Amino acid sequence: MVATATLRLNRARGTGGSPSVVGRADLGRRTCPRRSGYGGDRRQASSAPPRADGGWFADPARAAGTLSVIGTMFAVILAFVIFLALQSYQRARNGSSAEAVAITELHSVAQVFQSPSSDRLQAN
């Protein structure tokens, strides 16, 4: 209906319009109302009011089991994230420790060389 009214308005203004495109759009609205944006009767969970007994679920025992499973999965994923973070920290710590030992050994070895080479290695 809206597309047909728009076509009539465009024709009255003299801007034209394609009746075949409008017809297709109107046909699409009649055959599939959810796609065209006329889904006004849809209810969303976030906007639904709570139940009369103060809860959001029809069967609290069943919901408790489901929420327990979801909570357990979240805890396991969180534990893996913490484990990977600590493992990455340990790898970085070991790498920096090995680099510090290598620099200390290079500084000690540089003292054996003559003056121009040792100064360059020791960065004096």
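Throughout, read-outs are computed from the coordinates displayed, never taken from laboratory work. Small disclaimer: the values here were computed from a predicted structure and weren't measured. Cβ coordinates were reconstructed from backbone atoms using ideal geometry, including for glycine residues, and neighbour counts include every protein chain displayed.
Observations
- When segment 109-118 is filtered for residues that are part of a helix (DSSP H, G or I) and either of a type in the set (D, E, K, R) or surrounded by fewer than 10 Cβ atoms within 10 Å (Cβ to Cβ) (or both), the ones remaining, listed by number, are SER115, PRO116.
- The condition of being part of a helix (DSSP H, G or I) and in contact with a helix residue (DSSP H, G or I) (Cβ under 6 Å, 6 or more places away or on another chain) holds for only one of LEU121, LEU78, that being LEU121.
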